[in-house]
1. Have a look at 375, 296 and point out the one that is under 24 Å from residue 188 (Cβ atoms) and more than 22 Å from the chain's Cα centre (by Cα).
2. Among (1) of a type outside the set (Ser, Thr, Tyr); (2) in a helix (DSSP H, G or I); (3) under 30 Å from residue 325 (Cα atoms), there is one condition residue 226 misses while meeting the rest; what is its number?
3. List the pairs whose first member sits in the stretch 188-201 and is in the same structural domain as residue 238 (by TED's automatic domain parsing) and part of a helix (DSSP H, G or I), whose second member is modelled with pLDDT of 95 or more and of a type in the set (Ser, Thr, Tyr), and whose Cβ atoms are under 6 Å apart, counting only residues at least 6 apart or on separate chains?
4. List, please: which pairs have Cβ atoms under 7 Å, are six or more places apart or on different chains, and start with a residue in the stretch 337-349 that is farther than 20 Å from residue 402 by Cα and end with one that is assigned to a helix (DSSP H, G or I)?
5. Report yes if some residue within the stretch 312-319 is under 30 Å from residue 247 (Cβ atoms), of a type in the set (A, V, I, L, M), at pLDDT 90 or above and not assigned by TED's automatic domain parsing to the domain that holds residue 249; otherwise report no.
6. Which one of these does residue 246 not meet: (1) modelled with pLDDT of 95 or more; (2) within 21 Å of the chain's Cα centre (by Cα)?
7. Based on this model, can you work out whether residue 285 counts as more than 20 Å from residue 246 (Cβ to Cβ), free of Cβ contacts under 8 Å to residues at least 40 places away in the same chain, touching a Gly at 6+ places or on another chain (Cβ under 9 Å) and not small (Gly, Ala, Ser)?
Amino acid sequence: MSDHGRDRYDRYPPAQGAYPSPLAQPLRPDAPGVAPAPGATAGIPTVRVRRIGAAAIWGLAVLAVLLAVLVAYFLAALGVGASIAGMVLALVPLTVVLLALRAVDRWEPEPRLLVVLAVAWGAIGAVAIALGVDLVLRLAFGPGDSAAADALGAVVQAPVVEELAKGLGVLLILLAGRRAFDGPVDGIVYGGLIGAGFAFTENIQYFGIALIEGGATQTTVTFFLRGILSPFAHVMFTAVTGFAVGLAVRRGRAVAGPWFAGVVGAMALHALWNGSSVLGDFFALYLVLQVPLFILFVVGVIALRAEEARLTRERLGEFAAAGWFTAEEVRLLATGSGRRAALAWAGRLRPDRRPQMRAFIREATALAASRQRVLTGRDPGAAAEQQALLARTQAARRALFAA
């Protein structure tokens, strides 16, 4: 790399220390330290960085079978035209939600296969469970066409069954990709993706029925209520479950209790939401209750993102102290402003080095997450993975600075 380019790189000031976190957890006192950087960088170890288990593949295979069943169900219940129209309309809020979750996930992007599995579980698996339970209850107790039965179904049955079904998806993601499920932000992302998938399929049904029963007018009203006013409702519900599981994982604790508590919290929010549309003035409750809850949700996500950045900075600081990075590199890798500055600097080089900088950032972030697992002791394979990721990070660094 040219001296001029390196001068630009070095002019960013180093970080001025870490700050305490309310989410800090005890670390292992006997955790191994970071080995000092050698004079000459060794070759990349042959340790495989395995982040996704076979459960993801099997889960997607089962969901593919259930998808065929659901498609047949919708075509029989709504017809081809209403099903297609409902799906097209449902894609609008789904796209908005996925873009928002992508922004949340930008700091440490989740593996694409797990992202697909999460959305697919919500759109297929959780919906199939909810429809199956509804069918069993109808066969056991009759259709229940009264207003009281409808209210009971909306405020009790739907929250309990649907949040349990979606919550099972959070556990499936944890089983399929334990090492990619590092903390509360990951839990919110995975829970949100499951909720987004569920809302997508549910919206197909609602929009299709509205088109059949009320034409364009009723479809417009339904789209406004579900696609404009509340596209994040299911996302928020299941994100509570994901947050609880992610917090337990971050602290190295068993997940059964936190998962159950998260599901109960999701049920409560879901029941509150459905109750506002069935038992009270929906628009009044929307303004005084749902909007503040959504704002609180956004503020919480921002705070958790700041915590992720703090942990990344702290863990990479340990490697910097051992000579693997400079203090300036830690700031560039572990802060949002630093990353933007690093990418801008790499884009001014010729040839453009932004792809190499992105790889450097990605590997370093994964390295910090792996180091965190070493310190908490929750992952027996984290030490070997840390060494592999350290070598990969150094290889990305060399590629960035190659002449």
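The values are calculated or read from the model by the stated rules, or taken from the named source; none is laboratory data. Given the structure is predicted, the values throughout are model-derived calculations rather than measurements. Glycine gets a Cβ as well: all are built from the backbone with ideal geometry, and neighbour counts include every protein chain shown.
1. Details: 296 fails: more than 22 Å from the chain's Cα centre (by Cα).
Only one candidate qualifies: 375.
2. In the conditions (1) of a type outside the set (Ser, Thr, Tyr); (2) in a helix (DSSP H, G or I); (3) under 30 Å from residue 325 (Cα atoms), residue 226 misses (3) alone.
3. Here the result reads 191/238; 191/241; 194/238; 195/238, each pair linking the stretch 188-201 to a residue that is modelled with pLDDT of 95 or more and of a type in the set (Ser, Thr, Tyr).
4. That search, which allows pairs on different chains as well, returns 338/331; 338/332.
5. Here is the first cut: in the stretch 312-319, the ones under 30 Å from residue 247 (Cβ atoms) are 312-319.
Add one more test, that the residue is of a type in the set (A, V, I, L, M), and what stays is 316.
Narrowing further to those that are at pLDDT 90 or above: 316.
Next, from what is left, pick out any that are not assigned by TED's automatic domain parsing to the domain that holds residue 249: 316.
Taking every residue of the stretch 312-319 in turn, at least one turns out to be under 30 Å from residue 247 (Cβ atoms), of a type in the set (A, V, I, L, M), at pLDDT 90 or above and not assigned by TED's automatic domain parsing to the domain that holds residue 249.
6. (1)
7. Details: more than 20 Å from residue 246 (Cβ to Cβ): yes; free of Cβ contacts under 8 Å to residues at least 40 places away in the same chain: yes; touching a Gly at 6+ places or on another chain (Cβ under 9 Å): yes; not small (Gly, Ala, Ser): yes.
It is true that residue 285 is more than 20 Å from residue 246 (Cβ to Cβ), free of Cβ contacts under 8 Å to residues at least 40 places away in the same chain, touching a Gly at 6+ places or on another chain (Cβ under 9 Å) and not small (Gly, Ala, Ser).
Table: residues versus (1) surrounded by 16 or more Cβ atoms within 10 Å (Cβ to Cβ); (2) in a helix (DSSP H, G or I).
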site	(1), (2)
244	yes, yes
248	yes, yes
276	yes, yes
291	no, yes
295	no, yes
309	yes, yes
325	yes, no
331	yes, yes
